[in-house]
Protein chains: 2
Amino acid sequence: MALSDLSADELTRLESELSSEYDSLADRGLSLDLTRGKPSPEQLDLSERLLALPGEGDHTAGKTDVRNYGGGAGLPELRGIIAELLGVDAGRVIAQDNASLSIMYDLLTFSMLFGTPDSERPWKDEPKLRWLCPVPGYDRHFGITEALGIEMIPVAMGEGGPDMDEVEHLVATDPSIKGMWCVPIYSNPTGTVYSDHTVSRLARMAAAAPDFRVIWDNAYVVHTLTEDFPKVPDVDSLAAEAGHPNRFLQVCSTSKITFAGAGVSFLSASEANLDWYLGHTGIRSIGPNKVNQLAHARFFGDADGVRDHMQKHREIVAPKFEAAAAALGRRLGGYDVATWTSPEGGYFIDLEVPDGTATETVRLAKAVGVALTPAGSAYPYGQDPDDRHIRLAPTLPPLAEVEEAMDVVGLCALLAACRDARK
Amino acid sequence: MALSDLSADELTRLESELSSEYDSLADRGLSLDLTRGKPSPEQLDLSERLLALPGEGDHTAGKTDVRNYGGGAGLPELRGIIAELLGVDAGRVIAQDNASLSIMYDLLTFSMLFGTPDSERPWKDEPKLRWLCPVPGYDRHFGITEALGIEMIPVAMGEGGPDMDEVEHLVATDPSIKGMWCVPIYSNPTGTVYSDHTVSRLARMAAAAPDFRVIWDNAYVVHTLTEDFPKVPDVDSLAAEAGHPNRFLQVCSTSKITFAGAGVSFLSASEANLDWYLGHTGIRSIGPNKVNQLAHARFFGDADGVRDHMQKHREIVAPKFEAAAAALGRRLGGYDVATWTSPEGGYFIDLEVPDGTATETVRLAKAVGVALTPAGSAYPYGQDPDDRHIRLAPTLPPLAEVEEAMDVVGLCALLAACRDARK
């Protein structure tokens, strides 16, 4: 019953059936969108109370008037909550504005223009800059390194994280490799959780570049789809023990906890890295939006408040992931042509279709009103060499639309696979 | 009665009197601060209602859910209000996060890393970069250009703005001069309002660098100390008519309208400049904090709402400026040793003391508990060649403290002048 076991006639018949079913979709005038990892309105409603916080009369945190200038490192009240979730000392976390992407961008532009505390010169003055990119990965990460002209080297993701043999070899031998993108928990888009062994190797490995950095984007650190929360490794301590105290630059945010566009972002790193970042960002700004930080501190109360809140997200999001998997299973199960991830957290499903058919699957879906992220977008420069991965984001649409859209995706993937098999 | 008319004996007697009065100040244990242009708690209280806005249930602007990602240019509702205040088309204003300083920083870093739409190459690849700095000026402006290694050239401020003969000559002949800082209305710290003639010359003048830029920091555009509001020149139209459509990059913010640390900042510029900025900032972020933008739109209502609000600020701030001028007048009037500005808006008084005595005046004040911005801080690299200017910021302390602190400043300035005259 696997597609590859079908005779030519059977394949022709299947393609014909799928084609007519596909053609009939055009009449349905669908307009469904699985492109971006955006929270749904129902998820945003969970934080509606924030829109009236901190509230009139509540503008003081400790001795700080949050309405006025200053406080570049952010409010200790909120930093303490996030530090507990990350398992680090509160002094090692600073709170910024609404986007951890902006922190990451600034970390790299500051490195380009001024160099890091461990750099011999600003990165812009290096003859060559390279960066490791576990693939498939996050398109906006790759967008930053591409914009800055840093050559991206893909490294394959496996069960417990990136291929560490390759990472270790590259990082140890090539001093132009200045860093690496990592989403260690519920990785975008595969859902991979880095194993303890992977984390330990990343902390311990030798680097030819003295200023090698791992941007440790813990975007989904509490974004579980189960009743349990993932273990969060204390990467700074591991790296310090291995003699690389400034290796990790950890970021996270409340974008997918409270409001995607109006949350608070955080940077956790060594004292030297934080001092360096705050020194530069202190030229750029007289401090982050502390009113929003106080609102968040009031909203959460404490770290358990965040955990309780994330379980409410799970109740909304987990059924969509289940429905997506079920729809893909109904369409594709048994044909042995595609696999898809069943993540325990995060925002994405990675659908792997037969080599060379991802672009065609996305095209077919788009033509009948189901928008998907362009094939290849989870790869540096938008190029998936095998044209195999499709990132599916099931959180934004209502449950019924997720089911409908995923059914179309499954149909399109199978149709593309059939047509490809008949070539 | 001018200090220079006193005999040696009279001078000795005056210094002796002032010295004993000064010495007695130490016992009073003062702790007064005139360093930064921060709004007072009373001013912040004017916007207290913002702390509960937009409020539960109010999260939509047009078709936009402000809680979610997106909308890099900001909410049209708020942009329209600011555009009216700036006298420009609403399409020519974008709304960002809490600090116009950050917009300015990014404008320069984007230029460094990528070049402007009119640049032949990224500025980092130019052999030499220079920048015009009207002096005295804003220390945080100078901090950005200094951090980026851009050589700063001071240009003297006069009655109606910077010395335009010098500006025109330098800009026309030196292609390494890439831009200029300007605070056109109630300039920091002199309170100068650029004359129509100055603005017109800035728009029309020839520039050797094809990508010459004026960063037009309209930080105090509605910050009047009178019942009237200043006329706001439409610099983009003037520059476009003169064939320099991309010359001006205008910024402003609500930092000193609502909350200093949690306002909204704005960029107004040509379409080409806005597209360029949004292109780069779209890599850096998935959009600004639109919840805060909606809160501001609700709070103001319309442009007249902003103007009404600024008159409430005036009622708090203007008496402090009057008290400051009166205190300085009581101490220094008649001795013909110092002058000070009486601005019609903005946040500062520029006190000019005899050449070579500004540093000593600041030292004397500090020793008895009155903190002033370091002498020279209104100059590039913190160096006032004449050691003459002291920037005084009277907004933050209560009225009584402003009077007390200004009295001490006047005493210290006169004492320093006496001692200097006796040398």
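When the P(r) of region A:237-297 is calculated, the portion above 18 Å amounts to 49% of the C-alpha pairs. Distance from the Cα centre of region A:231-287 to that of region B:349-383, in angstrom? Cα centroid of region A:231-287 versus Cα centroid of region B:349-383: 37 Å apart. Axis angle, to the nearest 10 degrees, between helix A:271-284 and the longest C-alpha principal axis of chain A: 90 degrees.
Surface composition of chain B: carbon and sulfur atoms hold 48% of the protein heavy-atom accessible area at a 1.4 Å probe. Peptide B:59-69 has a mean of 6 when you count, residue by residue, the C-beta atoms of other protein chains within 10 Å of its C-beta.
For region A:54-117, the alpha carbon convex hull comes to 127 Å³ per residue, rounded to a whole number.
Which whole-number percent of Cα pairs in the protein assembly as shown have a distance greater than 42 Å? Every Cα pair in the protein assembly as shown considered, those over 42 Å come to 39 percent.
Between B:A326 and B:T35, the contour length at 0.36 nm per residue exceeds the alpha carbon distance by 102.8 nm. With a Förster radius of 41 Å applied to the beta-carbon distance between A:M1 and B:D275, the computed FRET efficiency rounds to 0.15. Each Cα pair under 8 Å and six or more residues apart adds its separation to the average, and for chain B the resulting relative contact order is 26 percent. Couplings for region B:384-390, taken from phi via the Karplus curve 6.51 cos²θ - 1.76 cosθ + 1.60 with θ = phi - 60°, read 8, x, 9, 6, 10, 9, 10 Hz in order; Gly and Pro are left as x. Distances between copies at B:R419, taken between label points 7 Å from Cα along the C-beta direction, are 8.7 nm in increasing order. Database remark: amide H of B:G179 closer than 5 angstrom to the amide H of B:L132, B:R213 (H placed geometrically; neighbours at sequence offset of 5 or more, or on other chains; Pro and chain starts carry no H).
At a threshold of 20 Å², the residues of region A:283-310 that become less accessible to a 1.4 Å probe in the full protein assembly than in their chain on its own are A:I283, A:R284, A:S285, A:I286, A:N289, A:V291. The residues of chain B expose, per residue, 36 Å² of accessible area to a 1.4 Å probe.
Ranking A:V402, A:L364, A:W340 by how far each Cα lies toward the positive end of the dipole of region A:337-407 (charges on Cβ) leaves A:L364 at the top.
Taking Cα atoms only, the orientation of helix B:76-86 departs from the longest principal axis of chain B by about 50 degrees.
Label point 7 Å out from B:E84 along Cα-to-Cβ: which residues of region B:40-65 have amide N under 17 Å? Hits in region B:40-65 for B:E84 at 17 Å: B:62.
Each residue of region B:361-368 was assigned a 3J(HN,Hα) from its phi angle through the Karplus expression (A = 6.51, B = -1.76, C = 1.60, θ = phi - 60°), giving 4, 5, 5, 4, 5, 4, 5, 10 Hz with x at Gly and Pro.
Under 5 Å from the amide H of A:F248 lie the amide H atoms of A:V214, each residue being 5 or more positions distant or on a separate chain, with H modelled from the backbone and absent for Pro and chain starts. For A:G161, the amide hydrogen comes within under 5 Å of the amide hydrogens of A:S195, counting only partners 5 or more places away or on other chains and with H modelled in the peptide plane.
Where a Cα-Cα gap under 15 Å defines reach, which aspartates and glutamates qualify for B:K124, not counting those fewer than 8 residues away within the same chain? Straight-line reach from B:K124, under 15 Å: A:D125, A:E126, B:D106, B:E146, B:E151, B:D211. For region B:304-350, the extents of the C-alpha atoms along the principal axes are 45, 14, 10 Å, listed from largest to smallest. Taking a ≥ b ≥ c as the square roots of the Cα gyration tensor eigenvalues, with a/c under 1.5 meaning rounded and otherwise prolate when a/b beats b/c, else oblate, which class fits region B:351-423? Oblate.
Of all aspartates and glutamates in the structure, those lying under 13 Å Cα to Cα from B:K290, and not within fewer than 8 positions of it along the same chain, are A:D97, B:D58, B:D65, B:E77, B:D97. Our summary of shape: the Cα atoms of region A:1-47 have principal axis extents of 55, 27, 13 Å, ordered from largest down, in whole angstrom.
Among the GluC sites (Glu not before Pro) in region A:1-78, those located in a DSSP loop and surrounded by at most 14 other Cβ atoms within 10 Å of their own Cβ are A:E56. Computed over region A:150-239, the P(r) curve from all C-alpha pair distances, binned at 10 Å from the origin, holds 16, 51, 27, 5, 0 percent per bin. Pick out, from B:G160, B:L50, B:L328, the residue whose Cα sits farthest towards the positive end of the charge dipole of chain B, with +1 on the Cβ of Lys and Arg and -1 on the Cβ of Asp and Glu. It is B:L50, whose Cα lies furthest towards the positive end. With a/c under 1.5 counting as rounded, go ahead and sort region A:1-129 into rounded, prolate or oblate using the C-alpha gyration tensor (a ≥ b ≥ c being the square roots of the eigenvalues; past the cut-off, prolate if a/b is larger than b/c, else oblate). Oblate shape, in that a/c is at least 1.5 and b/c is the bigger or equal ratio. Within the P(r) computed for region B:62-301, what percentage of the Cα pairs occupies the region above 34 Å? That fraction is 11 percent. Around the Cα centre of region B:62-301, unit charges on the Cβ atoms of Lys, Arg, Asp and Glu (plus for the first two, minus for the last two) sum to a dipole of about 780 debye.
Note on A:D45 and B:E315: their simple-model spin labels are 4.2 nm apart, each label 7 Å out from Cα toward Cβ.
Let me check I have the definition right: for chain B, take the eigenvalues of the Cα gyration tensor, multiply each by 5, take square roots. What are those semi-axes in whole Å, largest first?
Details: eigenvalues 312, 147, 59 Å².
Semi-axes from the Cα gyration tensor: 39, 27, 17 Å.
Charged side chains reduced to their Cβ positions (Lys and Arg at +1, Asp and Glu at -1) give the protein assembly as shown a dipole of some 40 debye around its Cα centre. Each copy carries a label point for A:A8 at 7 Å from Cα toward Cβ; from one copy, the others' points are 12.1 nm away, ordered from shortest. Spread over its residues, the convex hull of the C-alpha atoms of region B:99-182 is 100 Å³ per residue. Local charge for A:H244 was computed over the other residues whose Cβ lies under 15 Å away, with Lys and Arg +1 and Asp and Glu -1, and equals -2.
Chains A and B together bury roughly 4700 Å² of accessible area, counting both sides, with a 1.4 Å probe on protein heavy atoms only.
Summing Cβ point charges (Lys, Arg +1; Asp, Glu -1) relative to the Cα centre of chain B gives a dipole of roughly 1100 debye. Inter-label distance, B:H169 to A:D304: 7.4 nm, where each label sits 7 Å from its Cα along the C-beta direction. Under 24 Å of direct C-alpha separation, and excluding same-chain neighbours fewer than eight residues apart, B:K366 reaches these lysines: A:K63, B:K38, B:K320, B:K423.
Considering only B:L75, B:L107, B:F142, and ranking their Cα positions along the charge dipole of region B:74-158 that arises from unit charges at the beta-carbon of Lys, Arg, Asp and Glu, the one farthest toward the positive end is B:F142.
Contact residues in region B:100-123 by the 10 Å² criterion (accessible area, 1.4 Å probe, full protein complex versus chain alone): B:L101, B:S102, B:Y105, B:D106, B:T109, B:F110, B:M112, B:L113, B:F114.
Using only the alpha-carbon atoms of region B:279-333 as identical scatterers, what base-10 log of I(q)/I(0) does the Debye formula give at q = 0.19, 0.21, 0.30, 0.32 Å⁻¹? Taking Cα atoms of region B:279-333 as identical point scatterers yields -0.78, -0.83, -1.04, -1.08.
The values are calculated or read from the model by the stated rules, or taken from the named source; none is laboratory data. If you're wondering where the values come from, they're calculated on a predicted model, not measured in any experiment. No Cβ is skipped: glycine too gets one built from the backbone with ideal geometry, and neighbour counts run over all protein chains shown. Areas reflect the complete protein model, heavy atoms only, side chains present, ligands, DNA and RNA absent. Shrake-Rupley method; radii C 1.70, N 1.55, O 1.52, S 1.80 Å.
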